[in-house]
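Taking it in order: structure first as structure tokens, then the write-up.
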Amino acid sequence: MKAKTATILGATGLIGSHILELLKNDPQYERIKVIVRRPVSIEHPKVKVIQIDFSDENSFKDAIADSDAVFCAVGTTNSKVKGDKAAYRKVDFDIPVNAANYCERNGCNLFLLVSSIGADKSSGNFYLKLKGEVEDAITSLNIKAISIFRPSFLLGERQENRGGEKLAKVLTTFVSFMFPSRYKPIKALDVAKSMLAVSKLNITGLKVYQYSEMMQLLKE
């Protein structure tokens with residue numbers, strides 16, 4: 001079997017960091033390209049860190065080139081952008097949509113996107129509307145396989161502290177049995193594992209994975 005090259009956007013985030021660790025230990029992937037905005041130190045023989053200006057089209061396109069699978073788990077928060085919705089959109093919309101565009105133009109056959117449950121371009125909620133717009137833009141592209149993962153509340157230890165999130169984790173863990181399946185909290189590691197599993201399937205077209213579909217992948 002031909003060894004693959006994976007490219008990760010958002011490798012320092014909650015899901016992306018798990019994707020990176022899983023890929024490091026996966027023999028099917030020979031090379032891992034980590035595209036970042038700021039310097040990061042990752043010492044591993046399979047990993048190449050590529051620092052770019054995401055507004056530089058040529059650099060971004062070249063960084064995506066020669067990828068067999070592009071894992072996109074990039075995202076920001078209101079606190080990081082100080083409530084600036086334009087800055088929020090520049091990260092959460094521009095980066096994944098441009099990455100998918102360059103994926104198409106470079107002939108990469110698989111794009112895997114972390115979105116959100118409730119993503120809907122018609123939503124009155126800024127975050128869910130934005131996620132829906134991202135999904136809509138990416139699914140309009142001519143990529144052989146597009147896989148969208150829509151987790152609800154994520155469980156796991158983030159590098160940054162988010163106010164109220166620890167309490168919310170405790171509460172949701174105890175009452176999660178009351179939630180409809182697609183709204184159940186899910187471990188960030190399980191999302192990453194399901195994305196890696198999908199990357200090894202010979203699939204085509206658009207596939208959307210919510211809680212039940214992701215958990216099913218982990219059983220296979």
- In deg cm²/dmol and to the nearest 500, what is the mean residue ellipticity at 222 nm of the chain if only DSSP H runs of at least 4 residues count, each as -39500 (n - 2.57), divided by the residue total? -11000 deg cm²/dmol
- Per-pair calculated FRET efficiency, R0 = 22 Å: Gln28 and Leu218 via Cβ, rounded to 0.05: 0.80
- Go ahead and set up a Gaussian network model of the chain, Cα springs under 10 Å, then flag whichever of Ala197, Ala86, Ala65 fluctuates most. Ala86
- Using unit Cβ charges (K, R positive; D, E negative) and no other charged atoms, how large, in debye to the nearest 20, is the dipole of the stretch 1-123 about its Cα centre? 180
- Compute log10 of I(q)/I(0) for the chain with the Debye formula, placing one identical point scatterer on every Cα and leaving out solvent, at q = 0.10 Å⁻¹, to two decimals. -0.42
- trypsin sites (Lys or Arg not before Pro) in the stretch 78-139 lying in a DSSP loop, each with at most 16 other Cβ atoms within 10 Å of its Cβ, come to Lys80, Lys82, Lys121
- Task: Over the chain, calculate the relative contact order: mean separation of alpha carbon pairs under 8 Å at least 6 apart, over the residue count, as a percent.
- Result: 19
- Query: Each label point is 7 Å from the Cα along the Cα-to-Cβ direction; what then is the distance between the points at Asn125 and Asn106, in nm?
  - Reply: 3.3
- Per residue and in cubic angstrom, what volume does the convex hull of the Cα atoms of the stretch 1-132 have? 116
- Message: Full-extension gain between Ser79 and Gln51, please, as 0.36 nm times their residue separation minus the C-alpha to C-alpha distance.
- Response: 7.7 nm
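Here, each number is a calculation from the coordinates, and none is a lab measurement. Since this is a predicted model, take the numbers as computed values, not measurements. Positions of Cβ are generated from backbone atoms using ideal geometry, with glycine treated the same way; all protein chains shown enter the neighbour counts.
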